[in-house]
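Q: Just dropping this structure here.
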């Protein structure tokens with residue numbers, strides 16, 4: 001934008017300068033010609049009384065003296081009877097015409113000649129001829145044109161400097177507003193634009209600040225709403241704990257109380273995360289092998305209860321991914337829950353974690369069930385089997401937040417298979 005403004009001012013200034021300086025240059029050229037011809041005419045007219053009164057010898061001395069003083073514009077006097085004084089030049093048709101009593105100025109080779117007729121002589125009319133060469137006609141014109149050119153370039157440079165300063169005053173506030181919008185896009189909701197520059201730019205900055213404030217308010221309201229809704233789960237969980245404590249079977253009671261405690265911890269974590277401002281904390285990084293192995297061990301008792309053969313393969317070595325351990329555990333739970341919830345008892349499943357090139361990990365969960373429906377199962381809020389339709393969308397969002405992806409396919413046996421790719425950590429890994 002800054003360059004465009006400067007170029008626009010340069011083009012406009014150039015047109016104005018050309019339209020002003022070109023006619024002025026022509027006028028200067030015309031004035032120089034008129035000045036040279038007028039001076040020559042005055043000198044020739046000054047010879048008129050001398051031609052009419054002096055004898056030939058005296059007139060010759062007067063003409064030679066004047067030519068010596070003004071070598072640039074030589075004078076020739078054509079007397080009656082084809083006699084000539086001064087600089088000898090041919091008696092042209094213009095001279096013969098002037099001898100008839102006419103005085104005029106006409107163009108000649110490489111200059112202009114001024115012809116003045118002197119009448120009243122006994123033998124007829126004499127003609128005084130003054131020749132003005134081209135060098136005299138254009139004397140001082142080149143210097144004047146050079147001065148005009150310097151003035152024009154100076155004015156053009158001045159206009160460029162002024163345009164650049166004007167462009168800076170416009171571009172700097174806009175660049176600041178753009179920088180604030182970039183910070184807002186990266187999640188820094190505390191960014192605010194400084195109201196500076198023209199009224200229109202200040203208005204844009206004020207609108208952006210208002211938008212940022214409104215976004216912050218909406219997010220805060222959303223977090224509080226999620227926290228409140230999650231907190232409402234504590235009441236039925238408390239009732240469930242009371243019912244569990246009333247059981248007589250010690251083993252069932254302990255198992256149920258552990259499950260209730262796990263759910264309570266999950267609810268508390270949801271409330272904490274909902275109240276935490278977005279973008280706070282360090283970059284989420286975890287060791288994928290440890291998390292996947294823990295979640296597989298958590299689901300294995302249920303697989304045994306439902307007579308499912310569960311195969312778990314975790315690659316050796318450290319597998320670091322750009323995902324928090326909680327999000328990775330959530331993703332693994334979502335995929336395994338889909339297997340247990342949407343396939344009949346006795347259907348086998350497999351969990352495989354491997355290295356991803358050039359970094360990160362591949363998490364594959366496959367089963368021997370009927371597979372996925374034809375519609376996109378990752379579309380949020382839509383499910384063809386009666387569920388909420390949020391599980392795979394959550395897993396997809398977790399994968400994409402790490403720079404990975406989620407793919408739906410079929411296993412070797414024809415069942416469903418979900419492949420989730422997680423990106424590598426962007427910095428130095430730190431254990432959580």
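Q: Would you work out if the stretch 2-142 is rounded, prolate or oblate? Take a ≥ b ≥ c from the square roots of the eigenvalues of the alpha-carbon gyration tensor; rounded if a/c is under 1.5, else prolate when a/b is larger than b/c, oblate otherwise.
A: Cα axes put the stretch 2-142 in the prolate bin.
Q: Let me ask another. So what's the gap between the Cα centers of the stretch 158-181 and the stretch 77-110, to the nearest angstrom?
A: The two parts, judged by their Cα centres, are 70 Å apart.
Q: Something else now. Among [x] 0.99; [y] 2.31; [z] 0.94, only one was calculated for this model; which label is it, if the read-out is Cα Rg over 2.2 N^0.38 Å?
A: From the options [x] 0.99; [y] 2.31; [z] 0.94, the structure gives [y].
Q: Calculate how steeply helix 250-275 sits against the longest principal axis of the alpha-carbon atoms of the chain, using the helix alpha-carbon long axis, and give the answer as 0 to 90 degrees to the nearest 10.
A: The answer is roughly 20 degrees.
Q: To the nearest 10 degrees, how steep is helix 288-305 against the longest Cα principal axis of the chain, on a 0 to 90 scale?
A: Tilt of helix 288-305: around 40 degrees.
Q: Quick check: residue separation of residue 96 and residue 38 times 0.36 nm, minus the Cα distance between them. What number comes out in nm?
A: Going from the current span to full extension adds 18.6 nm.
Q: First check a/c for the stretch 13-54, with a ≥ b ≥ c the square roots of the eigenvalues of its C-alpha gyration tensor; if it is under 1.5, answer rounded, and if not, answer prolate when a/b is larger than b/c or oblate otherwise.
A: Values: a/c = 10.69, a/b = 10.15, b/c = 1.05.
It comes out prolate by the Cα gyration axes.
Q: Using a 10 angstrom cutoff on alpha carbons, build the Gaussian network for the chain and name the most mobile of 390, 137, 54.
A: Answer for the Gaussian network model of the chain: 54.
Q: Counting each DSSP H run of 4 or more residues in the chain as -39500 (n - 2.57), what helix-only mean residue ellipticity at 222 nm follows after dividing by all residues, to the nearest 500 deg cm²/dmol?
A: Mean residue ellipticity, 222 nm, calculated: -19000 deg cm²/dmol.
Q: For a quick check: sort 89, 171 by the number of other beta carbons within 10 angstrom, fewest at the front.
A: With the fewest neighbours first, 89, 171 line up as 89, 171.
Q: For the chain, what does the relative contact order come out to in percent, with C-alpha contacts under 8 Å and a separation of six or more?
A: 10 percent
Q: Does the stretch 100-174 classify as rounded, prolate or oblate by the C-alpha gyration tensor (a ≥ b ≥ c root eigenvalues; a/c under 1.5 gives rounded; else a/b over b/c gives prolate, otherwise oblate)?
A: prolate
Q: Top mean-square fluctuation among 253, 269, 186, Gaussian network model of the chain, C-alpha springs under 10 Å?
A: Greatest mean-square fluctuation among the candidates belongs to 253.
Q: Considering the chain as a Gaussian network with a 10 Å cut-off on Cα pairs, which listed residue, 123, 350, 196, attains the greatest mean-square fluctuation?
A: Sorting by GNM fluctuation, first place goes to 123.
Q: Where does helix 234-245 land angle-wise versus the long Cα axis of the chain, in degrees 0 to 90, nearest 10?
A: 20 degrees
Since every read-out is calculated from the coordinates, none of them should be taken as a lab result. Since we're looking at a predicted model, the values are computed, not measured. Glycine gets a Cβ as well: all are built from the backbone with ideal geometry, and neighbour counts include every protein chain shown.
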